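Only one structure is covered here, and it is reproduced in the block below.
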Amino acid sequence: MAYLNTTTAPTLADRFAALMSTFETRRKQRRVYRSTFNELSSLSNRELNDLGMGRSQIRGIALETARNAA
């Protein structure tokens with residue numbers, strides 16, 4: 001009994017499409033990160049305290065928001 005097993009490697013076009021998809025995803029994440037970071041940075045310490053966060057948490061919150069956006 002013969003057994004045939006074929007596997008195909010991704011073509012150059014497939015790899016390029018995956019690269020472009022990754023690039024676009026990262027670009028969207030960066031845009032969301034910058035927007036969130038800038039908006040939170042523009043708030044005063046009192047406004048941040050009203051939201052229940054400190055100035056030291058801005059970077060982490062912006063990173064988390066960017067990861068969840070994409």
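Across segment 25-69, the mean sequence separation of Cα contacts (distance under 8 Å, 6 or more residues apart), normalised by length, yields a relative contact order of 55 percent.
The chain has equivalent-ellipsoid semi-axes of 45, 14, 6 Å, by the square roots of 5 times the alpha carbon gyration tensor eigenvalues, sorted largest first. In this Cβ point-charge picture (+1 for Lys and Arg, -1 for Asp and Glu), the chain has a dipole of about 220 debye about its Cα centre. Helix 12-41 and the long axis of the chain differ in direction by around 10°, with both axes built from C-alpha atoms.
Panel order for Thr7, Thr65, by other beta carbons found within 10 Å of each beta carbon, from fewest to most: Thr7, Thr65. What residues from segment 33-60 fall in the zone where the backbone N is under 14 Å from a label point 7 Å along the Cα-to-C-beta line of Arg67? In segment 33-60, the label zone of Arg67 (backbone N under 14 Å from the point 7 Å along Cα→Cβ) covers 33, 59-60.
Length available on full extension from Arg31 to Thr6: 0.36 nm per residue minus the Cα-Cα distance, which gives 4.8 nm. Report note on the peptides 55-62, 16-23: ranked by the mean count of other C-beta atoms within 10 Å, highest first, their order is 55-62, 16-23.
A short reminder: the numbers here are calculations on the coordinates, not readings from a lab. Computed from a prediction, not measured in an experiment: that's the story for all the values here. All Cβ positions, glycine included, derive from the backbone under ideal geometry; neighbour counts span all protein chains shown.
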